[in-house]
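Take a look at the structure below.
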Amino acid sequence: MPKSPENCETMDDVREGVDHVDRELMALFARRFGYMEAAARIKPEREAVRDEPRKAKVISAAMADAKERGLPETVIGQMWEALVEGSIAYEFARWDDIDR
C-alpha cells in the first residue's frame, strides 16, 4: 500500500501513490462504462442515448462535489465534460452493436 500524500517523503513515494490511484480509477471507470453498456441495452431508442439535461446535472454535481472537497471546480468540470462525452460516444457504439 502506498504512503498517504501527507506522508510522502520522496518523488518515488508520490509516483507510487499516483500509480496506485490510477489503477483504482481504472477499476471505477470499468464499472462506470459497464453502466453505459447497461444503458445502451435498456434504452429503446438511439435518440435517448444523448440526454443533455442529464449531462448538465452530472457535470454540475461533479463541480459541486469538487468545491466541497477543495478541488479546482473548473478542472473537474472539464474532466467531467470529457468523461460524459466519452461515455455518450461509448454508449452510442454499444447501442449500435446490439441486435434489436
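Points to keep in mind about this one:
- Seen from a random direction on average, the alpha-carbon convex hull of the chain projects onto 8.0 square nanometres.
- Around residue 35: net Lys/Arg minus Asp/Glu count, Cβ-Cβ under 14 Å: +3
- Toward the positive end of the charge dipole of the chain, with +1 on the Cβ of Lys and Arg and -1 on the Cβ of Asp and Glu, the farthest Cα among 34, 79, 7 is that of 34.
- Ascending count of other beta-carbon atoms within 10 Å, so fewest first, for 91, 37: 37, 91
- Relative contact order (%) - the stretch 5-97, alpha-carbon pairs under 8 angstrom, separation at least six: 34
- Compared with the alpha-carbon gap, the fully stretched path from residue 8 to residue 47 is longer by 9.2 nm at 0.36 nm per residue.
- Which of 60, 4 has the fewest Cβ neighbours within 10 Å, and the rest in rising order: 4, 60
Coordinate-derived values only; no laboratory data. Keep in mind it's a predicted model, so treat the numbers as computed, not measured. In this analysis, Cβ positions are derived from the backbone assuming ideal geometry, glycine residues included, and neighbour counts consider all displayed protein chains.
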